[in-house]
Amino acid sequence: MRLIQPVLVLLCAGVLFSPSASAYYHFLRYLSRTAPFTSIPQKYDLNVLVNKTVPYFVSETGPGGLAVNDSTSGLISQIRLAASVWDNVETSDLRLAFGGIGAGAGQGAPGIDIVFSDEIPPGLNALTSLQTAEPNATFVPITRATILLPRNMSQRPSYGEPFFLTMVHELGHALGLQHTFTSSAMSTEITRSMTKASPIAADDIAGLSLLYPARGFAASVGAISGRVTIGADGVAMASVVAIPSTGPGVSTITNPDGSFRMEGLPPGQYYVFAHPLPPLRADEATPGNIVLPVGPDNRGFASGPAFDTVFFPGTRDPQAAVTVVAGAAVDNVNFTVQRRNAPAISSVQTYGFIGQITTKPPMLNRTTGRGLVVASGAGFMSSPGNLVSGLNAATVGANAGFLNSAPRAYTVAPAFLQLDLLFPAQTTEGAHHMIFSAANDIYVLPSAYYVTSKAPPTVAAMAPSLDAAGARVVTIAGLNLDANSTILFDGHPAALRSFDEQTGRLTVAPPPAASNYRASVIAMNADGQSSLHAQGNLVSTYTYDVGEAAAFTVTPNALPAGSEAMVEITGSGLNLVDGLARAGFGNSDIAVRRVWVAGPNRLVANIVIAPTATPGLSTVTLTSGLSIVVQPGAFAIQAPGRQLTVQPSTAGVQPGTPVSLAVLNLPSGVTPAALTLTLNDQPVAVTAVANGQVSFTAPAALTPGPAVLRLRTATEAAPPVVLGVEAPPPLIAPVTAPVVRGETATFTVTGLLTDAFTQSVARNSVTVTVGGIEHKAPEIAATAQRGVYEVQIQLKESVPAGAQALTVTQGYRTSASQTVTVR
């Protein structure tokens, strides 16, 4: 067990350094130095991002040393998996995309650079910095983020939990999130209680969604507001946390006058408590390494004094729950606290054991009836093996289990505390909290341990074979696997083909990879456990078949700054799979709007080059699953020039329907007859030209897939672009029965497309919208009738009552609206 030291936070020359160390809290700037306090956060400007997407890049100079069974490609796949955690937050509008291998110097568009460096101070695992532009009325634009990782990764395998969770944490900083005290991903490695199978929690989701809210987010959550005071004085920078009886908490930090408004709370009942920031350590710039907010004069606001931790409405244990409902706030949740010199207990972390493996957080199987938690923290011991007088501990909630005896020194390591828990039958699965008390003070540790109903999965054996179509599949044997288990090959999930209920074996299609590639294989379950908890870093490995060496070319290989155009990537040994293949140009001034796989060795894409892009060469990276093919200098940005430019929508078109596209630099007074337009080299009549828009009707004979559009005037041709021709949209069967908010709703849908790789409908490709509120990644079950699916959602409480519109969207295709009655 290793203590990770908190890291230094620096604010210098417009660059904000936010390293890894101790609910969401954003990087804030107050518009005044006196109450009422209004703050603006640092965040990306979605309006300047193509597809609202922040690209991230991995430096051309890779790590200098890797752990056993690790590889540079495997490490990059783990970085991509960590980025996908934030990319898949459905209540956030911001998206992340791998921009390939490249360096950030000289790029004007926002992006995140991930760099391997020897410049990280001793004791730190990573270091993140943010560059910002001048503030506007509502936020401070982030223009660039840099994440430094150690060049020597030999002691920190990328497939393990510590590296992955650190990567999730640092990417959170890069997106605008500060440290938290709810044991979530944005807590430090000391107090963090997340796992690779469950890497973020409610606090992280709230923090990101408040910065970049998706439609319907505000209506789906509630808020709690109040003030923390000592006498008549407000306490600045106090942490206020709301925890449910079971499950993760959400938090915020008070304004300089002690006021707070905690937003982003899922509806439910919460115990709310206020606690001071942890004591300042010798190696910290600020308590908890929180970057202090600044005022309009750029001077920081000081944090408040230490005080007794207290639950609302003024107790040392949780007695009164606050009920939060969607779209509303609970006000006057106020705290009157007592000043003290320092907290009696701080920096508590907990551990569990599965066989010989130490787990953090503790994962306790309730079917055994008991569990062991070992804890460390400042203020537990007067000396090793001697507990401070009056030290006690308790669980939170009636269904959390209970301590079988008083805390005592752990016999194996007397500097640690031993807590023996008993789990009666009603103990609920999920995150549970603990309260430690001593010296007339309490310390609340959210998500101190997790209760599960079975042991973690294992990967015992792998048997490769070929399916009926001749494609490679692998059968995974192990313990505690189920139909919802995820099998990771390095950092990429394998596609589930089947699950054998009798043997407990999974058959999966491994993601594409390079010839003879060796991948670490890990199983993850929905309860947050993985085979890492049972087998540690002694992971199983799978070696891919020997195949053709990969190479490619880009056509055209150069375009002027300001262009929007199609590029074609062709080669050999690429293993391109629709839905998995991506192209990156190593430069945030080149954005990929959309890609289409036209064959295993051919891809077409629409790219956008910023008008201010600096001319020069860029490295093109082609990925498909675990396959990463890098071609330095494969594309060039040329000097800008005025040219005819078609701007295609990311959304596709339907055959036989009207289409309007924006076109830049059309000649003044040009008429439809003066324009020549073709789709897949077939002439199409232009029906109108107005306000920079060219209109036409997509031919009814178009087939689904990429269609190359070419437009020219009498004197000039625009670079060709791709239009996505979509299959007919999904169709919803009429809904006759009412649906109830907070309950399961099932709809019958046809016209959903199956993934070519998985041969099933991908959940994350489908969104159900009811009354304007989106429900992403629904449960999808095939019926006995071919092509007919049952789509199931948990109807959100924020959906309005009465007759509401129901649609189903898959990719770029949206069904016609059905009317459903909501109660």
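Quick look at the values:
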{"quantity": "Long pairs among LYS196/LYS796; LYS52/LYS776; LYS196/LYS776; LYS360/LYS776, criterion Cα-Cα beyond 24 Å", "calculated": "LYS196/LYS796; LYS360/LYS776"}
{"quantity": "Selection from PRO658, SER183, ASN484 lying farthest towards where the dipole of the chain points positive, charges on Cβ", "calculated": "SER183"}
{"quantity": "Highest to lowest packing among 685-693, 274-282, scored as the average C-beta count within 10 Å", "calculated": "274-282, 685-693"}
{"quantity": "Label-reachable residues, region 736-774, where backbone N falls under 14 Å from a point 7 Å from ALA805's Cα toward its Cβ", "calculated": "769-774"}
{"quantity": "Estimated vicinal HN-Hα couplings, Hz - region 60-76 in sequence order (Karplus 6.51, -1.76, 1.60; Gly, Pro = x)", "calculated": "5, 8, x, x, x, x, 10, 6, 4, 6, 9, 8, 4, 5, x, 5, 4"}
{"quantity": "Label point distance in nm, GLN693-ALA558, each placed 7 Å from Cα along Cα→Cβ", "calculated": "3.7 nm"}
{"quantity": "Once the Cα gyration tensor of the chain is diagonalised, semi-axes √(5λ) in Å", "calculated": "46, 31, 28"}
{"quantity": "Dipole magnitude (debye, nearest 20) for the chain, charges at Cβ of Lys, Arg, Asp, Glu", "calculated": "280 debye"}
{"quantity": "Listed residues ILE79, PRO287, PRO510: farthest to the positive end of the dipole of the chain (Cβ charges)", "calculated": "PRO287"}
{"quantity": "Surface share of carbon and sulfur [accessible, 1.4 angstrom probe, percent] for region 749-802", "calculated": "48 percent"}
{"quantity": "DSSP-defined antiparallel bridges as percent of all bridges, the chain, nearest 5", "calculated": "85 percent"}
{"quantity": "Protection proxy ranking, peptides 221-229, 458-466, average beta carbon neighbours within 10 Å, highest first", "calculated": "221-229, 458-466"}
{"quantity": "Additional length obtainable on full extension of the chain from ASN152 to THR34, 0.36 nm per residue less Cα span", "calculated": "37.7 nm"}
{"quantity": "Inter-part distance where region 109-161 and region 753-823 are each reduced to a Cα centre, Å", "calculated": "37 Å"}
{"quantity": "Using θ = phi - 60° and Karplus 6.51 cos²θ - 1.76 cosθ + 1.60, couplings along region 558-570 (whole Hz; Gly, Pro as x)", "calculated": "7, 8, x, 4, x, 6, 9, 7, 7, 10, 10, 10, 10"}
{"quantity": "Distance between modelled label sites at ALA636 and THR657, nm, 7 Å Cα→Cβ extension", "calculated": "4.1 nm"}
{"quantity": "Between region 243-258 and region 522-590, the Cα center-to-center distance that results, in Å", "calculated": "39 Å"}
{"quantity": "Calculated P(r) of region 635-680 - Cα pairs past 15 Å, %", "calculated": "63 percent"}
{"quantity": "Sequence-distant residues sharing a close amide H with ALA448 (under 5 Å, placed H)", "calculated": "HIS432, HIS433, MET434"}
{"quantity": "From phi via Karplus (6.51, -1.76, 1.60), per-residue ³J(HN,Hα) for region 541-553 in Hz, x at Gly/Pro", "calculated": "10, 10, 9, 6, 5, 6, x, 6, 5, 9, 7, 7, 10"}
{"quantity": "Loop-resident sites, region 518-602, for GluC sites (Glu not before Pro), counting at most 14 other Cβ within 10 Å (DSSP)", "calculated": "GLU548"}
{"quantity": "Per-residue [θ]222 nm for the chain (sum of -39500 (n - 2.57) over DSSP H runs n ≥ 4, rounded to 500)", "calculated": "-2000 deg cm²/dmol"}
{"quantity": "For region 246-364: rounded, prolate or oblate by the Cα gyration tensor [a/c cutoff 1.5]", "calculated": "oblate"}
{"quantity": "Positive minus negative residues near THR555 (Lys, Arg vs Asp, Glu; Cβ under 12 Å)", "calculated": "0"}
{"quantity": "q = 0.20 Å⁻¹: log10 I(q)/I(0) that the Debye formula gives for region 490-647, counting C-alpha atoms only", "calculated": "-1.19"}
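The values are calculated or read from the model by the stated rules, or taken from the named source; none is laboratory data. The structure presented is a predicted model; accordingly, all values stated were derived computationally and were not measured. Positions of Cβ are generated from backbone atoms using ideal geometry, with glycine treated the same way; all protein chains shown enter the neighbour counts. Areas reflect the complete protein model, heavy atoms only, side chains present, ligands, DNA and RNA absent. Shrake-Rupley method; radii C 1.70, N 1.55, O 1.52, S 1.80 Å.
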